[in-house]
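The structure under discussion appears below in the form of C-alpha cells.
The numbers here are math on the coordinates, done by the rules we state, and not lab data. All of these numbers come straight from a predicted model, not from anything done at the bench. For neighbour counting, all protein chains shown are included, and Cβ atoms are generated from backbone atoms with ideal geometry for every residue, glycine included.
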Amino acid sequence: MGTTTTLSQKTIEIVKATVPVLEQHGEQITKWFYQSMLSNHPELLNIFNHANQKQGRQQRALAAAVYAAAKYIDQLEAILPVVEQIAHKHRSLGIKPEHYPIVGKHLLLAIKAVLKEAATDEIINAWEEAYQAIADVFIKVEAQLYEEAASKRGGWKDFRRFIVQKKVKESDVITSFYFVPEDGGEISEYLPGQYVSVKVSIPGEKYTHIRQYSLSDAPGKGYYRISVKREAATADKPAGIVSNYLHDHVQEGDVLELSAPAGVFTLDMSKETPVVLISGGVGITPLFSMASTIASRQPNRQVTFIHAAVNGNVHAFDQDLRRLAEHPSFSYHVCYQSPSEEDRKHPYFGKEGFIDLPWIQSVVSNKEADFYFCGPIPFMKTVYHALKEWGVSDENIHYEFFGPAGDLTK
Ligand SMILES: Cc1cc2nc3c(=O)[nH]c(=O)nc-3n(C[C@H](O)[C@H](O)[C@H](O)COP(=O)(O)OP(=O)(O)OC[C@H]3O[C@@H](n4cnc5c(N)ncnc54)[C@H](O)[C@@H]3O)c2cc1C
Ligand code: HEM
C-alpha cells in the first residue's frame, strides 16, 4: 500500500489511542466539520446531498469510516473492501484528489474545536498524518475507478449528457426514465445491481443536485433505464427534491447529466448457484435488473424473486415479473402490507403484512443460495436478521442501501 511505512510507531499509537475519544464526540465533530467545510466551500453544496446532511446520515457515515480506518492505520489493506464501496460512490459523484485536503483541513479544525485543550499538538499532528494516509488510499482506488470507467468501450470519465428517450409510469409512485447519450455514441456495459449518478440543475436553485439511481433493466439494450419513486411530502418531511423534479418536470427530449455506472452490489454471473432476490418498495430496481439479466444470460439458473410492497398500486414491474415467472426455473412471490381484494387475487400473492423468516423459509428451499436484497431500512433489517437467524452464511448475503451505508447488525 506504500502508506503504512511512512507513519511512525508513535503516530500509530497516538491515533489508535485517541480513536475512542473521537468516537465519543463523533457526532459533534462531524457536525462542526460539515458546517465549517460547507461555509468555507459552498461550491461543495453542488455535490453533497442536503437532505442527508440535515438528517445526519452522511455525517455518521463519514465519521464512522474515518474512525474505522484509523483503527487499522497500521494495516490499511484490511479496510480495502469498505474503501472500494465508498470509492465507487465517490467516483460516481465526481470526487477528486483536490477535494481531500479540504476535508482534511476542516476535520482537523473540528477535532481541535471539540476536544479543545485535550487536542494537543502531538495528537493533531498524528491525526494529520493519519488522515493523509487514509486519503491516499481513497485517492489511489478512485484513480483506478476513473481510469476503468473512461477506458471501457462506450465509457466516459465524469458526467455526460443524456437525453430522456422515454418516460414510463410503472406504478402510482414509480416512473422509469430511459436515457440515450446526446452525443449519439455508445454506452458502456454495466453489471446488474449497479447505479448511475444523475446531476440536475433545477431552475431557481442555486446548486446542482446529484442522486444515485440503480439501473433497473438488464444491460446491453442500448439505453440506461432508471426507475424513480416520488418521495412525497408528509406531515414531518418535506418533499424529496430530485425525485419530484424528475416526476413533474423532466420530460421526454430533456437532457440530464449522468456519470458512468458504479457500485459493488452486483450479481455474480460467474456462479450458477441459486439466487434469491428480495425487494421492498422501490428497492426492486437493482433486483429487477438482476432477474432480467439472469433470464436472458443464465436462463437455467434458479431464481426466487420476493417482492414486498404496500399494495398492488405501488408495485412496479409486476407484469414483467409475471412473464419471467413463466419460466420453470423462476419463482415469484408477493407480500402486500395492505392488500386490496383485487391484490389478494394476484397469482403470486403469498403473504399479507410484513416479510418474516417462516414465510421466507416457506418459499425458499435452499439456504445455501446467494441472497440479494434492497429496500427501506426497517425492511432490510428484518430480512438481514431473518437470514442470519436461518443460518445463511455472511458471504451469501448481499445488500444495497438507497442512501449512505448504515449498519444492519444492530
Ligand atoms: C446506490 C443507490 C441507488 C438508488 N437507487 C434508487 C432507485 O433505483 N430508485 C429510487 O427511487 N431511488 C433510488 N435511490 C435513492 C435516490 O438516490 C434518492 O435518495 C431519492 O430519489 C430521494 O431523493 P430526493 O432528492 O427526491 O429527496 P431528498 O431531497 O434527497 O430527500 C430525501 C428524503 O429526506 C427527507 N428530508 C429532506 N429534508 C429533511 C429534513 N430536514 N428532515 C427530515 N427529512 C428530510 C425527504 O422528505 C425525503 O424523504 C438510490 C440511492 C442510492 C444510494
Ligand atoms: C478519507 C476521506 C473520506 C472518507 C473516509 C469518506 C467517507 C465517506 C462515506 C463512508 C460515505 C458514504 C458512502 C455510502 O455508503 O454511500 C461517503 C459519501 C460521500 N462522500 Fe466521502 N469520504 C471521504 C472524503 C470525501 C471527500 C474529499 C469528498 C468531497 C469533498 C467527499 C464527498 C462525499 C459525498 C458527496 C458523499 C455522498 C454523500 C451524500 O449522500 O451526500 N468525501 N464518504
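The table for this structure:
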quantity	calculated
Net dipole in debye of the chain [+1 Lys, Arg Cβ; -1 Asp, Glu Cβ; about Cα centre; nearest 20]	460
Those trypsin sites (Lys or Arg not before Pro) in the stretch 277-373 that DSSP places in a loop and that have at most 14 other beta carbons within 10 Å	345
Principal-axis tilt of helix 80-93 within the chain, Cα atoms, nearest 10 degrees	80
Unsatisfied cross-links (Cα-Cα over 28 Å) in the set 71/112; 105/140; 206/237; 221/367; 221/271	221/367
MRE, 222 nm, helices only [DSSP H, n ≥ 4, -39500 (n - 2.57), over the chain, to nearest 500]	-13000 deg cm²/dmol
Angle between the chain longest axis and helix 9-24 axis [Cα atoms, degrees, rounded to 10]	60
Cα gyration tensor shape of the stretch 9-151, rounded if a/c is under 1.5, else prolate or oblate by comparing a/b with b/c	oblate
Residue-span extension gain [residue 113 to residue 45] - 0.36 nm each, minus C-alpha spacing	22.2 nm
Bridge type composition, the chain - antiparallel percent by DSSP, nearest 5	55
Residue (of 99, 134, 340) at the positive-pole extreme of the chain, dipole from beta-carbon charges	340
Rg in Å to one decimal, and Dmax rounded to a whole Å, for the chain via C-alpha atoms	22.4, 69
Relative contact order computed over the chain (Cα-Cα under 8 Å; 6+ residues apart), in percent	14
0 to 90° range, to nearest 10: angle between helix 26-40 axis and the chain longest Cα axis	80
Within the stretch 279-343, GluC sites (Glu not before Pro) in DSSP loop having at most 11 other beta-carbon neighbours inside 10 Å	326
Alpha-carbon centroids, the stretch 237-302 and the stretch 107-160: separation in whole Å	29
Length-normalised contact order of the stretch 159-259 in % [C-alpha pairs under 8 Å, at least 6 apart]	36
Test item: Cα-centred dipole of the stretch 275-400, Lys/Arg +1 and Asp/Glu -1 on Cβ, debye	160
